[in-house]
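K.L.:
Got a structure for you, written out below as structure tokens; questions coming shortly.
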Amino acid sequence: MKVLVTGGLGYIGSHTVVELQNEGHVVVIIDDLSNSSKDVLKGITKITGVTPQFEELDLKEKYKVQDFFKRHQDIDGVIHFAASKAVGESVDKPLFYYENNVTTLIYVLQELQKLKCQNFIFSSSCTVYGEADKLPISENSPIKPAESPYGNTKQIGEEILKDSCQINLDLKTIALRYFNPTGAHNSSHIGELPQGVPQNLVPYITQTAVGLREQLSVFGNDYDTKDGTCIRDYIHVTDVAKAHVCALNRLFKNQQSHNFEVFNIGTGKGSSVLEVIQSFERVSDQKLNYKIVDRRQGDVISAFADTTKANTILGWESKYSLDNAMLDAWNWEQKIRNK
Ligand code: WQD
């Protein structure tokens with residue numbers, strides 16, 4: 001099938017393109033290169049032997065989006081990753097986040113609805129749950145008021161899909177709520193390329209270990225958890241990528257009972273910050289330089305997924321361990337620093 005992947009040169013997007021091409025799908029990538037590089041195409045080609053079609057395009061430019069879909073009316077499905085995702089940045093630039101994450105979704109959906117095939121996978125996030133009342137977090141957990149404009153754009157995105165699906169039964173959609181994607185492809189040909197100082201834990205760990213950063217700051221160890229540090233569900237990015245292929249296959253096979261579904265994509269296991277550090281030290285065979293500092297504002301204490309729905313309905317489950325993810329992240333970091 002022919003699949004459009006917006007943001008397909010990004011972190012999760014590129015790993016998903018690899019899995020789609022491994023399954024024999026024809027992939028067209030749209031990316032504005034604001035948070036990625038054309039070099040990622042070489043990495044995808046090295047892994048799969050196939051270079052996906054690529055068009056540099058800013059989805060905020062409505063007429064270019066219309067022109068693209070006029071030239072690609074044979075698209076069978078869309079996986080929509082293109083969005084900004086830095087929680088902190090979104091607080092400083094809310095209007096940019098609403099334009100870049102919501103307006104672009106609307107433009108893509110408007111054009112998709114003119115096509116024969118209207119299969120759409122949306123990149124959503126566990127941030128929609130906020131601090132969940134019950135763990136593990138299931139898809140029925142209440143959606144909490146967003147703690148950042150970024151999180152709000154994901155909630156709004158799901159609402160847009162829900163409303164569109166209500167009025168257009170030809171539109172078939174799945175929203176995947178990722179927990180904490182981490183790691184890199186085990187070939188070390190593609191991985192995460194954070195711009196500037198990493199906000200997320202794992203890239204900060206690997207950049208500290210490789211000598212790019214002086215020391216990791218652990219944001220608080222006085223939480224009500226097993227070791228006082230926050231708990232998250234760190235899922236290997238290749239497992240996240242494979243979930244998209246499973247979701248798309250569900251749409252291609254017309255298996256939905258309702259044309260808007262959501263699935264949690266995680267491992268189902270919670271790991272504390274200190275456990276992630278211990279995992280990294282184990283696989284890299286080196287001590288990490290870190291210190292405990294004050295809590296980071298906006299952090300939820302604990303979040304990990306109930307993945308029963310994705311396991312039973314999508315026929316998907318995570319296969320890689322935290323150690324696998326840490327080792328792949330470390331190998332990738334050393335590769336891009338030519339260590
Ligand atoms: C994890 C833990 C920090 C950095 C991310 C994305 C969000 C969403 C969910 C996709 C927290 C601690 C971090 C550091 C630290 N993904 N930490 N020192 O906050 O769960 O959110 O995943 O939508 O977009 O941002 O991930 O990696 O920032 O933090 O101690 O230098 O690591 O306090 O407990 P988070 P994170």
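The values are calculated or read from the model by the stated rules, or taken from the named source; none is laboratory data. Fair warning: this is a prediction, and the values are worked out from it, not measured in the lab. Glycine also receives a Cβ, built like all others from the backbone with ideal geometry; neighbour counts cover every protein chain displayed. Only protein heavy atoms, including side chains, enter the accessible area calculation; ligands, DNA and RNA are left aside. Shrake-Rupley method; radii C 1.70, N 1.55, O 1.52, S 1.80 Å.
K.L.:
As an exercise, find the ratio Rg/Rh for region 1-95 from alpha-carbon atoms, using the Kirkwood inverse-distance average for Rh.
P.N.:
0.99
K.L.:
Each label point is 7 Å from the Cα along the Cα-to-Cβ direction; what then is the distance between the points at Ser37 and Arg295, in nm?
P.N.:
3.8
K.L.:
Further, regarding this structure: Using amide H atoms built 1.01 Å from N in the peptide plane, name the residues 5+ places from Lys226, or on other chains, whose amide H lies under 5 Å from its own.
P.N.:
none
K.L.:
Hey, can you grab everything whose amide H is under 5 Å from the amide H of Phe260? Only 5+ residues off in sequence or another chain; H modelled, so Pro and N-termini drop out.
P.N.:
Thr173
K.L.:
Amide H to amide H, which residues 5 or more places from Ser125 or on other chains are under 5 Å from it, using H placed in the peptide plane?
P.N.:
Sorted by chain and number, the residues that satisfy this are Tyr178.
K.L.:
Hey, what number do you get for the chain at 222 nm if only DSSP H runs of n ≥ 4 count, each worth -39500 (n - 2.57), divided across all residues, to the nearest 500?
P.N.:
Mean residue ellipticity at 222 nm (helix-derived): -11000 deg cm²/dmol.
K.L.:
Hey, how many Å between the Cα centroid of region 259-337 and the Cα centroid of region 7-39?
P.N.:
If you average the Cα positions of each part, the centres end up 22 Å apart.
K.L.:
Turning to a different aspect of this structure: Mind listing the phi-derived Karplus ³J(HN,Hα) values for region 148-160, rounded to whole Hz, using 6.51, -1.76 and 1.60 with θ = phi - 60°, and x for any glycine or proline?
P.N.:
7, x, 4, x, 5, 5, 6, 5, 4, x, 5, 5, 4
K.L.:
If each of Glu317 and Leu169 carries a label point 7 Å out from its Cα toward its Cβ, how far apart are those two points in nm?
P.N.:
3.6
K.L.:
Quick one: Karplus J couplings for region 91-98, per residue in order, coefficients 6.51, -1.76, 1.60, θ = phi - 60°, nearest Hz, x for Gly and Pro?
P.N.:
Once θ is set to phi - 60°, the couplings for region 91-98 become 5, 7, 10, x, 5, 5, 5, 5 Hz.
K.L.:
Also: With every protein chain left in place and a probe of 1.4 Å, what is the accessible surface of Glu61, to the nearest 10 Å²?
P.N.:
Accessible surface of Glu61 is approximately 80 Å².
K.L.:
In percent, how large is the relative contact order of region 57-214, given Cα pairs closer than 8 Å and 6 or more residues apart?
P.N.:
So the answer I get is 23 percent.
K.L.:
Can you pull the Rg over Rh of the chain, Cα-only, Kirkwood?
P.N.:
With Rg and the Kirkwood Rh in hand, the quotient comes to 0.95.
K.L.:
Also, quick follow-up: Which three semi-axes in whole Å describe the equivalent ellipsoid of region 230-339, each the square root of 5 times a Cα gyration tensor eigenvalue, listed largest first?
P.N.:
So the three semi-axes of region 230-339 are 32, 18, 11 Å.
K.L.:
Could you sort Ile301, Ile79 by their accessible area in this structure, using a 1.4 Å probe and putting the largest first?
P.N.:
Greatest to least solvent exposure: Ile301, Ile79.
K.L.:
Then there's this: Rounded to the nearest 0.05, what FRET efficiency do Phe252 and Lys287 have when you use their Cβ-Cβ distance and R0 = 35 Å?
P.N.:
That gives a FRET efficiency of 0.15.
K.L.:
His189 accessible area, nearest 10 Å², 1.4 Å probe?
P.N.:
Result for His189: roughly 60 Å² accessible.
K.L.:
Before anything else, pin down the relative contact order of the chain: Cα pairs under 8 Å, at least 6 apart, normalised by residue count, whole percent.
P.N.:
19
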